[in-house]
Each structure stands twice: as C-alpha cells, then as structure tokens.
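Only one structure is covered here, and it is reproduced in the block below.
Every read-out reported here was derived from the displayed coordinates using simple, explicitly stated rules and does not represent laboratory data. Keep in mind the model is a prediction, meaning the values are calculated, not measured. All Cβ positions, glycine included, derive from the backbone under ideal geometry; neighbour counts span all protein chains shown.
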C-alpha cells in the first residue's frame, strides 16, 4: 500500500480557491500522509499513465479514461459526461473507472431558494459555457427560486468559456445596470467571480461558487478535496469503488456557506 503510485492530472495550475485548488489540495493531503503523488498539468505523459491510482480532474479527460481503462489501475474521473446526465439509469462506465457527479445542480437549487428569500427583486445567474453541467446548475437555480416565488424573474446569462474574464465583467454589469438584478449568483468559476465582483460594486448581493464566502453573501461549496481523497484512499486500500460517486446535500458534500 505504501508503494502505491498516485497520479493526478489537472487542466491548469491552482489559484482559483475552488475547482482547481480542490485537486491540488488533495495532492498535498496525500503527500502529508506519506505518498508522493505525481501531478501533471495539461496532457497526460507516460509516467502518469503508469500510476496505480489515477485522478483525471475534468470531463476533458473522458477519452483518456476510456483509453486507459484496461484493468491495470483505478481511474477516477472527476465529472460525468452528457450520456450520464441525459440518462443515468442506462449509463455504464468503462471497467475500473469511477466518475464523480458533484450534483452542483442540487446545490444550485438550494441556493436559488435562499436567493429568493434574500432579495425581493430580480435575480441574475451567470453560468459558464452551455455544457450539461452548467445547464443543470442554471436550471436548478431557477427551479429553486421558482419554488419560493414562481413569479420571480431570474435572468440567466451563459459565458463563452471558463476563461472569459472580460465577458464576466460585462455580464455582471449588464445584470445589475440593464436588468436590475438585486442578487447575482454564478457557477462559472473564475469569470463568474469577476461577474459577481462587478455586481457587488454596483450594489447587488452575490453568491459565489466553490470559493470561500469572502465578500459574497453566501457561496455554494463542494467538498472536492475530501471526495477525491476518500475515493483515492478506498482504491489504495483495495475497497470497491462505485461506477459513479454521487455527492449529496445531506452528507455535507454540497452546502451553502455563509
């Protein structure tokens, strides 16, 4: 067990206090307990592909998960594809691969309920590119608001990418100045944080996504580090990993922090 090789592949360096940092923090947890995780930024190299437990942090590594699913290693893909979100009952994962459904849509629904109680006026939601995870989060937020006040207006704006900081800046301004939003929430990672920062400067309340509350009124939090650590330790100890690990609100793996 002490000789187990842990590999982690991340799309970028840390510093976002959210999605990316959750994976980097997990690697530090493994190092603190005596492992020496091999971390790669960007594309997989030959060394990381030979690890016994391999964490692929993002749906962009789906093809790699399929390619490496030969039973020689445990693979943890920290997202689920469109095929799963469309029809989870009939979805099957490749042998030896565990995918993670973070269920951010469920957290977003709780956040929508809270937002409807937070302010009386219009509410804005900034989503990332219209991929299934973002669409589900936006729909969950709208559903949560509607559960409290069916007549309440929710303005949902999608960004073109998770790197579009300038677009996030203009989106935050549009939601407050043009659409009159009193609260702006997001699920768009860094550019979403830019959007809510602008909205805050213009007097709106804001909800963050995966980041500490800080200047936001509240933040939707996801236990990224603990979940990755739990699955890696299970694999190392020879336990059985599920095809899809589903996070839940009741377990505290998703929460709205204030």
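Do any strands (runs of 3 or more DSSP E) entirely within the stretch 105-224 hold 3 or more residues that are touching a strand residue (DSSP E or B) at 6+ places or on another chain (Cβ under 6 Å) and under 16 Å from residue 254 (Cβ atoms), and if so, which? Can you show your working first?
Numbers: elements: 123-127, 154-158, 183-186, 205-209, 218-222.
Those strands (runs of 3 or more DSSP E) span 205-209, 218-222.
If the condition is being surrounded by 15 or more Cβ atoms within 10 Å (Cβ to Cβ) and more than 15 Å from residue 207 (Cβ to Cβ), then the stretch 130-148 contributes 131, 132, 133, 134, 135, 136, 139, 143, 146.
Residues in the stretch 209-243 that are within 18 Å of the chain's Cα centre (by Cα), surrounded by fewer than 17 Cβ atoms within 10 Å (Cβ to Cβ) and in contact (Cβ under 8 Å) with a residue 60 or more places away in the chain: 212 alone.
I'd like to check which helices (runs of 4 or more DSSP H) are fully inside the stretch 1-92 and have at least 3 residues that are surrounded by fewer than 16 Cβ atoms within 10 Å (Cβ to Cβ) and on the phi < 0 side of the Ramachandran plot. Spell out the reasoning first.
Details: elements: 19-32, 46-49, 62-68, 82-86.
Hits in the stretch 1-92: 19-32, 62-68, 82-86.
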